[in-house]
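One structure is given below, encoded as structure tokens.
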Amino acid sequence: MPNDEHDYRLPRTAVPRRYGLTLAPDLEGGKFTGHEDVTIEVLEPSAELVVNAIELEIGSAAITTAAGRRLEATVRLDEESERAYFTFAETLSAGPATLHCSFTGTLNDKLRGFYRSRYTDAEGKEQVIATTQMEATHARRSFPCWDEPDLKASFGVTLELAADLMGVSNGPEVDRTALPDGRISVRFADTMVMSTYLVAFIVGRLEATEPVDVDGVPLRIVHVPGKAHLTGFGLDVGKFSLQHFVDYYGIPYPDAKVDLIAVPDFAAGAMENLGCITFREALLLVDPASATMQEEMLVADVVAHELAHMWFGDLVTMRWWNGLWLNEAFATFMEVMACDAYRPDWQRWVAFGLERTAAFEVDGLQSTRAIEYPVNSPADAEGMFDVLTYQKGAALLRMLEQYLGEDRLRDGIRHYLTVHAYENTETGDLWDAIEAVTGDPVRKIMDSWIWQGGHPVVSASLSDDGNNIVLRQHRFLFDGDDDGREWAVPVLVRQSAGGATQVDKLLLDGASTMLPTMTPDAVVVVNAGAHGFYRSRYDGPLLQRLASVATTELSAAERYQLVDDTWGAVIAGLTGADEFCQFARGFAGETELSVWQLLLAGLRWCDRFLDGEARTSFQAFVRELLTPAVERLGWAPVPLERSLDAELRGTLVRALALLGADSTAQARARALFDDPNVDPALAVAAVNVVAATGDASDFERIQARLQSATTPQEELRYLYALAEVSDPDLVDRTLDLAMSGKVRSQNAPFLIGRCMANRDHGERAWRLVRTRWTEINARFPDTSIIRMLDPIKTLTKPEQYADTKAFFAEHPVPQAARTLDQLLEREGINVKLRQRATPDLLEQFSRR
Ligand code: BES
Ligand code: ZN
């Protein structure tokens, strides 16, 4: 396989200016025909045009020259390079010309390119939708095109469809005419110039809400019939965040309308097609009365994320896929910002800690990568959509924002978007724009974070006389030796003593630096606010002082980071798992959801490493820790309580019942399963408790609920609960269901993944993946394979590790090669963690 840049990039002898695209999907036949007239500019005289195309049949192609002469093309398709070559009898001269091309294709079931989605209507009849997913490189599966992000053009789409169907595309509808055969031809307005990966067209029996006006832009939700009652929340958050971005960016929405479209089968979570944003149903349609805070927050996040892309990504686009973080890290950062503004009571920036943790967990591996990373092939591009691009990238932006100041970063971003509107950029363009506005050495700081992988641990100690705080940096790795890497670390240090506090902002731009102590006995917090993308460590006296005030003087985000750094030290073998359990005792009075979520994640790992009496004793410890917290919140919702508290109640009840094996909590949760008016967070706890403690009849009850679920969220709750069962036969039934074709291919890989994470029977799921690997890869979306595999890192017995390593040596995942390396490295680290933690925990929990 060719894998150097030259082989994957199109020659620039001609570039597109406008695509006139007509598509006619045949929903029942699973096919489509298409025709395009592409206005191009020939830059270098040539007798050949090279474009991208794959899985298409090109019937005919010709060119009209500026002089009005028509030349027929000979067409050669090369599947290997995903290209079509058009050869002409004479050389095309430089200047404008129009390429005409007719083609046909299949509406595929792999949820990419122009594909087929299905739903069952109210009469029980199956209905087909034809819809698109072009990113990263699937536009070429829908129409021949110059499929690279910097070959921007305007798109004028026309759809030909049966008169009772609805068609949607990027631009607003401007014209419809009847065709001789009774179908209609619907024409949409030309788009602004944009990349091919943003093109979208959808045809099906669909409905749209009435448009809501946002700053002159009509916003609608498009959905399958019968779901209009689930659109209120999405419209509200859509309206809010669209306005938020208009204000934040200081630039009007760049096109004419926005449709948010809920698609029943969808590979990713959502996709930022200009003005025609597509979503999984569960990430757009929600019923606030029955949804949990987290389910609502997810919808708010995703809607905001995709709308943020209308500027960051659509208006200004990375030049090539190596710069994907310019799209995705920004959209993620903006998503959190908008969500925080939408519902301040959700404390979105505190919850962002969990995303930072996900990034730390990969970035602490030797196989991590730099955020900017070479991309050649389509598979390389696909592999960039990972936690480093999204979560680490967003965390770095948050760190920079808090260092520069919110308004100053915003002004830099405005400048960047204004200067580069309709264009493509490199990372350096962003730093130049921010520097031009702020005068700060942004490029120097950020280069150290963007061009090398990993992150530091900043350790704090006191100088001998106690008058200075000494800060040192080292690379943080879970396993392996510090290779001397350094970063320009923006550090916020808070000191407090005798009721006074002081915050210092400094740049740790070398091995070490110092700052004076306020008083020699001050309490010192190194990563004040916990915005920094680094870990912290404290020497003896500083650690003791900090521990004594951890619950009183640290903010929720700081407490979260303290837990994160402590658990990180456990993974790295610097702190014992038994010490972590002792440390957790200090959080008995904790009130913050995210902090609890992280503590429980650590405790769930400990639970994996214990059996028999020691496990029983560990469960008693968990009950001691959680019972007071549950009692404090009460077993039922309290009027006017924080949404976060309702969510926390559900989280703690579930943990008390399952991790703590508390029989009272189990009984109460089981009773709630049958309560039709149960609070949503408790409903989630209940279904998981019923699944985990239940028998075959419980399994069937959950399956029945799955069948009759009336919201996308409830459907997923019941579906994924089936992975929590404790009886091996029931795990097999869940796996059979996942493979039966009755679970959508967008969800089945996640269900299998959850089975793999099952504490007792994960290996059964792994064996299924192993034996049905070819079938799984043929049936499920390519991008979902690596997500399905993520839980192999919970298979921590040495023989399991040997097995997975051997398997993947023979069975690569080309679209996620790097992520797979990271996964296997992490699995190996977890094997060592188990080997250390088991005796430590045994020692602690058999002595009780
Ligand atoms: N551009 C992506 C969608 C995408 C992901 C396309 C992977 C191709 C490959 C979109 O903006 C996105 O980031 N979607 C997220 C959801 C988001 C809220 C984090 C996703 O699909 O996971
Ligand atoms: Zn995105």
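No lab work stands behind these numbers, since they all come straight from the coordinates. From a predicted model like this one, the values you see are computed outputs, not experimental measurements. So basically every Cβ, Gly included, is an ideal-geometry build from the backbone, and we count neighbours across all protein chains shown.
Worth a mention:
- Three principal axis extents describe the C-alpha atoms of the chain; from largest down they are 88, 65, 53 Å.
- Measuring between their Cα centroids, the stretch 721-759 and the stretch 780-848 lie 19 Å from each other.
- Using only alpha-carbon positions in the stretch 1-143, the gyration tensor eigenvalues give semi-axes of 32, 18, 12 Å once each is multiplied by 5 and square-rooted (largest first).
- Of the chymotrypsin sites (Phe, Trp or Tyr not before Pro) found in the stretch 459-512, none is in coil by DSSP with at most 13 other Cβ atoms within 10 Å of its Cβ.
- Radius of gyration over Kirkwood radius for the stretch 398-479, both on Cα atoms: the Rg/Rh ratio is 1.12.
- Zone of LEU543's modelled label, taken as backbone nitrogen in the stretch 555-584 under 16 Å from a point 7 Å along Cα→Cβ: 562-584
- In the stretch 449-539, the convex hull through the Cα atoms has an average projected area of 6.1 nm², a quarter of its surface area.
- Cα centroid of the stretch 498-575 to Cα centroid of the stretch 116-190, whole Å: 54
- Using C-alpha pairs under 8 Å with a sequence gap of at least 6, the mean separation divided by the residue count of the chain gives a relative contact order of 8 percent.
- Kirkwood hydrodynamic radius computed over the stretch 574-639 comes to 12.8 Å, based on all pairs of distinct alpha carbons.
- Expressed as a fraction of 2.2 N^0.38 Å, the value expected for a compact globular protein of N residues, the C-alpha radius of gyration of the stretch 731-791 is 0.96.
- Quarter of the Cα convex hull surface for the stretch 382-442, i.e. its orientation-mean projected area (nm²): 4.6
- Per residue convex hull volume, Cα atoms of the stretch 620-703, in Å³: 81
- Estimated D of the stretch 538-608 in µm² per second, where Rh is the Kirkwood radius over Cα pairs and Stokes-Einstein applies at 37 °C, 0.692 mPa s: 265
- The stretch 92-178: proportion of alpha-carbon pairs further apart than 14 angstrom, %: 75
- Seen from every direction in turn and averaged, the convex hull around the alpha carbons of the stretch 26-73 projects onto 4.5 nm².
- Using just its DSSP H runs of length 4 or more, each adding -39500 (n - 2.57), the chain gives a mean residue ellipticity at 222 nm of -13500 deg cm²/dmol after division by all residues.
- Gyration tensor verdict on the stretch 692-848 (Cα atoms; rounded if a/c is under 1.5, prolate if a/b is larger than b/c, oblate otherwise): oblate
- At 1.002 mPa s and 20 °C, Stokes D of the stretch 316-430 from Kirkwood alpha-carbon radius, µm² per second: 143
- Rg/Rh for the stretch 451-610, where both radii come from Cα atoms and Rh is the Kirkwood radius: 0.96
- Three-way shape label, the stretch 685-777, alpha-carbon gyration tensor, a/c 1.5: oblate
- Debye intensity ratio in log₁₀ form over the Cα atoms of the stretch 523-568, taken at each q of 0.14 Å⁻¹: -0.27
- Among the GluC sites (Glu not before Pro) in the stretch 81-167, those located in a DSSP loop and surrounded by at most 14 other Cβ atoms within 10 Å of their own Cβ are GLU123.
- Additional length obtainable on full extension of the chain from ALA178 to ARG9, 0.36 nm per residue less Cα span: 56.8 nm
- Kirkwood-type hydrodynamic radius, the stretch 82-226: 17.4 Å, calculated from all non-identical alpha-carbon pairs.
- Both the radius of gyration and Dmax for the stretch 279-318 are 12.4, 40 Å, in that order, over alpha-carbon atoms.
- Put the Cα centre of the stretch 73-91 next to the Cα centre of the stretch 622-640 and the gap is 68 Å.
- Amide N of the stretch 478-495 lying under 20 Å from the label point, which is placed 7 angstrom from the Cα of ALA370 along Cα→Cβ: 482-490
- Expressed as a whole percent, the proportion of Cα-Cα pairs in the stretch 188-323 lying more than 23 Å apart is 29%.
- Hypothetical label at ASP483: residues of the stretch 818-838 whose amide nitrogen lies under 15 Å (7 Å Cα-Cβ projection): 822
- Tensor-based shape of the stretch 556-667 (alpha-carbon gyration tensor, a/c under 1.5 rounded, otherwise prolate or oblate): oblate
- The H on the amide N of MET194, modeled in the peptide plane, is under 5 Å from the matching H of ALA153, SER154, each at least 5 residues off or on a different chain.
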